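The values are calculated or read from the model by the stated rules, or taken from the named source; none is laboratory data. Keep in mind the model is a prediction, meaning the values are calculated, not measured. Here the Cβ positions follow ideal geometry from the backbone for every residue, glycine too, while neighbour counts run over all protein chains shown.
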Amino acid sequence: MNIAPRWAPTTPPYDAEGNYSRAPLGYGPYDTWNPLAAAKEPDIDNNTIRNGINTFVEFKIIEGLTLKITGGANIESQNNKSYYNSKTWEGKPVGGKVGYATIDDALSSYYQNSNILSYEKNFGKNHIDITAVAEQQYSRYESSGLIASKFTVDQTGVNDLGGAEQINSKSSSVTERNINSYLGRINIIYWVVPS
């Protein structure tokens, strides 16, 4: 989208031989590349799998005393691949080599557990309500990515990283977080009868 406004409106997308037209500067900078080639030629495959579950169980221990246990989990896996062939700016031929590929993988996990103990009782006109909560949360995120370039041929694309002359690590990280929370509450309703 940011390339199209910079492309000369009088320049057709294809030249007389049916190839993508180029700006007067040839390969030039990124923002002078053929916007149609930039939109059509990259082979991008983004995959995301999400799984989630939430459940609870409740126990009535004695009259007025209840324990509720809840739990949940969310797990998300991402695998993103892209290949820019020789007709794109990223994969343009350099020294007889072509292509530019990226692979990004990520896995995020989130787990949550709450334990709620509550007690309610009436004493005549008076009422007491006690609640205690203990909650745990755990999350983990890990990701990695790499960039490969200077392939011998375009045909195998991102599925032949061994055919790339240059492979660089793009990023790699792991993040973990634990949270433990506690809460207590007492409500007493006490009725005073005027004499």
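Can you spot a residue in region 6-28 that is surrounded by 15 or more Cβ atoms within 10 Å (Cβ to Cβ), in contact (Cβ under 8 Å) with a residue 24 or more places away in the chain and not assigned by TED's automatic domain parsing to the domain that holds V158? Yes - at least one qualifying residue is present in region 6-28.
Just one residue in the set E165, E135 is in the same structural domain as I69 (by TED's automatic domain parsing) and closer than 30 Å to I61 by Cα; that residue is E135.
Taking strands (runs of 3 or more DSSP E) that do not extend beyond region 79-195, which have at least 2 residues that are on the phi > 0 side of the Ramachandran plot? I'd like the intermediate steps shown before the answer.
Numbers: elements: 98-123, 126-151, 164-189.
It comes to none.
Among the residues of region 95-123, those identified as loosely packed, with under 14 Cβ neighbours inside 10 Å and either among the aromatic types (F, W, Y) or touching a residue at least 12 places away in the same chain (Cβ under 8 Å) (or both) are G95, K121, F123.
Restricting attention to region 143-177 and to residues that are among the charged types (D, E, K, R) and surrounded by 11 or more Cβ atoms within 10 Å (Cβ to Cβ), the residue that is nearest to G95 (Cα to Cα) turns out to be K150.
From the list N113, N85, N74, N159, exactly one residue is touching a Gly at 6+ places or on another chain (Cβ under 6 Å), modelled with pLDDT under 95 and not aromatic (F, W, Y). Which is it? Step through it out loud before you land on a result.
Numbers: N113 fails: modelled with pLDDT under 95; N74 fails: modelled with pLDDT under 95; N159 fails: touching a Gly at 6+ places or on another chain (Cβ under 6 Å).
Exactly one residue qualifies, and that residue is N85.
Looking for whichever is part of a strand (DSSP E or B), among the charged types (D, E, K, R) and touching a residue at least 40 places away in the same chain (Cβ under 8 Å) here; the options are K68, K60. Which one fits? The match here is K68.
Scanning region 46-82 for residues that are surrounded by 15 or more Cβ atoms within 10 Å (Cβ to Cβ) and under 11 Å from the mean Cα position of the chain (by Cα), we see that the one that is nearest to N115 (Cα to Cα) is I75.
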